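Have a look at the structure below, then the notes.
The values are calculated or read from the model by the stated rules, or taken from the named source; none is laboratory data. These numbers were taken from a predicted model, which means no experiment stands behind them. Note: ideal-geometry Cβ built from the backbone for every residue, glycine included; neighbour counts use all protein chains shown.
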Amino acid sequence: MRPGAGGGRRAGAAGGAGGARGRAGARAGAQGAAGAGAGAGAGARARASGAGAAAPEVAAVAAAAAVPAGRGQVLRVRGGARLEGCAPVSGAKNSALALLAASLLCDGEVCIRRVPARLRDVTLMRQVLESVGARVQAGAPGAPGAQGAEEGHAFCVDARALTSARPDAAAVRSLRASILTLAPLLARVGEAEVALPGGCAIGARPVDLHVRGLRALGAEVEVSGGTVRARAPAGGRLRGARVYLDFPSVGATETVLMAAALAEGTTLIENAAQEPEVEDLADFLNAAGGHVAGAGTSTLEIRGAPSLGGCEFTVIPDRIEAGTFLTAAALTYSAVSVAPVMPNHLTAVLAKLEATGCQVGLDGPMRLRLVPPPGGELLRAADVTSLPYPGFPTDMQPQFTALLAGAQGSALVRETVFENRLGHAAELGRMGAQLRQDGSAVMVEGRPPARVPGQSGGGGAGGAHSGLWGASVSARNLREGAALTLAGLAAEGETLVTGVEHIDRGYEGFDEKLRALGADVARLEAGPGPLDMKRPA
Ligand code: EPU
């Protein structure tokens, strides 16, 4: 059992472990974001003819002038600061959301620690749970330094007396992960009706694999009018079955896993997702009295239990948040630690960071430290292909693309998990990045700093700039928002990132944590006029 899975216990020998590894790359998308080409942004073109970046004050005015009014909050990033210190890593968003949904399976009180409670997605999931009669209590984290404080917020969910199997459609539609309540409600109540959110900025995100998995377990499932309706077979209990997933989808694996936890008999999920968040869900189900074996491999074996009880559980640290801060450190030639982390969850990301010339090592228990390339070397380019775990995570692809935009040499970035997750290419182009998109791949020609920041004769504080410059850019999803912010940290001048609400969905206190590392990042309210930027009250 992984450390920190309080009350959890690992099911016995991995049943059927060792099946085929995830079929990586099966989803290579056909097309990428529209309009992303080399230096696609107007700002980029305007300055591309010049020898170098615009003077910072010019970039600042140009960027501010381009901010559309009434766009909510904006992150203003002034590039060039070196970062230092240790970034605190929150609980994993994508694990916490699945565990909160899974608490609907439990006939006892569930207490989940290290929930990233300030995330908008967590608030929405809470609303979804409460709309079916679950009682949710969120406790404050302990004082910094106090025992247990590092475990953050605890969410206690009591779903013993559910009142509905139709979660509030408005809350459901604004949260893609709410599809994860379908299987628990179906398994617990015998029927469920869950609205479907539409496609999103990174792809269509269908639910066909979830539906096929539930049908294999005997459910009648109908998808029509933007709603999925499911009913258990006569007798009200799903039946264990063998389920092969055409693609190792994280969400579909979680759906079938939760449905199977209360099914009659044994379920085998083949070509299952191996992501740590799936393993966390399996550990959680076992902590509540379930019987799941093989988590972390491509074959899961689930022996259905008549009921699950309560449990106490601690969410794994967010590997993507940790990877994002390590990438920020690399891009700014800074030495930074992150904690808590499970280093083995970051194997692919660390390998790629090391390929750029950085060194990453353990800096204490559950703590990693990145140091920039030694000997005054520039960051080197490294090709990257997003794949299901244990491959390089799609959720780190935009941030890594930002890193490559400021590295030396050319690199190929391929996105194979989502069909439309290269929107940041056009926005990075506005900052002077040299990117050429071809379908689901982007060729990045890096624009490194003229001298290694901090080396004698180099930039040092106030001079750690890549060849990127500040611009007004817009994030359409959270990882894009993180990538653009990171690029701003290394760019000369001021970058204004709109679409901050996306960042707030998935990064807890993102700008606060960056500021604590020494970054010059401010959260501003876009006022009625384009230049009327003020701090939120
Ligand atoms: N897919 C299907 N049919 C399905 C389900 C998925 O075709 O029924 C496809 C998707 O369209 C996509 C691919 O399979 O092309 C992978 O999707 P997957 O189901 O694995 O992703 P997900 O469960 O919808 C979770 C995370 C994502 C993360 C992916 C991949 C949550 C709440 N979300 O999404 O997180 O990118 O796994 O690791 O767990 C993020 O945090 O920024 C984020 C998007």
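Scanning the stretch 175-200 for residues that are surrounded by fewer than 17 Cβ atoms within 10 Å (Cβ to Cβ) and among the small types (Gly, Ala, Ser), which turns out farthest from the ligand (Cβ to nearest atom)?
Among those residues, the one meeting the criterion is 198.
Any residue in the stretch 199-221 that's of a type in the set (A, V, I, L, M, F, W, C): show its pairings with residues that are within 6 Å of the ligand (Cβ to nearest atom) and part of a helix (DSSP H, G or I) at Cβ separation under 6 Å, as long as the two are six or more apart or on different chains.
209/252
Of all residues in the stretch 222-249, which are acidic (Asp, Glu) and either assigned to a loop (DSSP other than H, G, I, E, B) or more than 16 Å from the ligand (Cβ to nearest atom) (or both)?
Across the stretch 222-249, the qualifying residue is only 246.
Residue 505 - would you say it is within 16 Å of the ligand (Cβ to nearest atom), farther than 19 Å from residue 448 by Cα and surrounded by fewer than 22 Cβ atoms within 10 Å (Cβ to Cβ)?
When the stated conditions are applied, residue 505 passes them.
Looking at the stretch 495-515, which of its residues are among the hydrophobic types (A, V, I, L, M, F, W, C) and more than 17 Å from residue 323 (Cα to Cα)?
Passing the criteria: 496, 497, 500.
Would you pick out the residues in the stretch 380-406 that are over 21 Å from residue 440 (Cβ atoms) and surrounded by 24 or more Cβ atoms within 10 Å (Cβ to Cβ)?
Listed by number, the list holds a single entry, 406.
Within the stretch 413-424, is even one residue at pLDDT below 95 and assigned to a helix (DSSP H, G or I)?
Scanning the stretch 413-424 turns up at least one residue that is at pLDDT below 95 and assigned to a helix (DSSP H, G or I).
Testing residue 371 on (1) surrounded by fewer than 20 Cβ atoms within 10 Å (Cβ to Cβ); (2) within 14 Å of the ligand (Cβ to nearest atom); (3) hydrophobic (A, V, I, L, M, F, W, C), one condition comes back false. Which one is that?
All conditions pass for residue 371, except number (2).
Can you confirm whether the stretch 273-288 contains a residue that is of a type in the set (Asp, Glu), modelled with pLDDT of 95 or more and more than 16 Å from residue 98 (Cβ to Cβ)?
We begin by selecting, within the stretch 273-288, every residue of a type in the set (Asp, Glu); these are 275, 277, 279-280, 283.
Checking the rest, the ones that are also modelled with pLDDT of 95 or more come to 275, 277, 279-280, 283.
Remaining after also requiring more than 16 Å from residue 98 (Cβ to Cβ): none.
Looking for residues that are of a type in the set (Asp, Glu), modelled with pLDDT of 95 or more and more than 16 Å from residue 98 (Cβ to Cβ), one finds none in the stretch 273-288, hence no.
Condition check ((1) among the hydrophobic types (A, V, I, L, M, F, W, C); (2) closer than 30 Å to residue 171 by Cβ; (3) at pLDDT below 95) across all residues:
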site: 463; (1), (2), (3): no, no, yes
site: 485; (1), (2), (3): no, yes, no
site: 489; (1), (2), (3): yes, no, no
site: 502; (1), (2), (3): no, yes, yes
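Can you go through 427, 445, 415, 377 and tell me which one is within 16 Å of the ligand (Cβ to nearest atom), in the same structural domain as residue 346 (by TED's automatic domain parsing) and either surrounded by fewer than 22 Cβ atoms within 10 Å (Cβ to Cβ) or acidic (Asp, Glu) (or both)?
Unique residue meeting the criteria: 415.
Can we say residue 414 is basic (Lys, Arg) and within 20 Å of the chain's Cα centre (by Cα)?
yes
Can you spot a residue in the stretch 376-397 that is out of contact with any strand residue (DSSP E or B) (no Cβ under 8 Å at 6 or more places or on another chain), at pLDDT 95 or above and of a type in the set (Gly, Ala, Ser)?
Looking for residues that are out of contact with any strand residue (DSSP E or B) (no Cβ under 8 Å at 6 or more places or on another chain), at pLDDT 95 or above and of a type in the set (Gly, Ala, Ser), one finds none in the stretch 376-397, hence no.
Results for (1) of a type in the set (S, T, N, Q); (2) within 16 Å of the ligand (Cβ to nearest atom); (3) crowded, with 19+ Cβ neighbours inside 10 Å; (4) not in a strand (DSSP E or B), shown as yes or no for each residue.
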site: 281; (1), (2), (3), (4): no, yes, yes, yes
site: 295; (1), (2), (3), (4): no, yes, yes, yes
site: 312; (1), (2), (3), (4): no, no, no, no
site: 325; (1), (2), (3), (4): no, yes, yes, yes
site: 347; (1), (2), (3), (4): yes, yes, no, yes
site: 350; (1), (2), (3), (4): no, no, yes, yes
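In the stretch 362-400, which residues are touching a Leu at 6+ places or on another chain (Cβ under 7 Å) and not aliphatic (A, V, I, L, M)?
Listed by number, the residues that qualify are 373, 383, 399.
What are the residues in the stretch 83-122 that are closer than 15 Å to residue 180 by Cα and not aliphatic (A, V, I, L, M), if any?
Of everything in the stretch 83-122, those that are closer than 15 Å to residue 180 by Cα and not aliphatic (A, V, I, L, M) turn out to be 93, 94, 95, 103, 106, 121.
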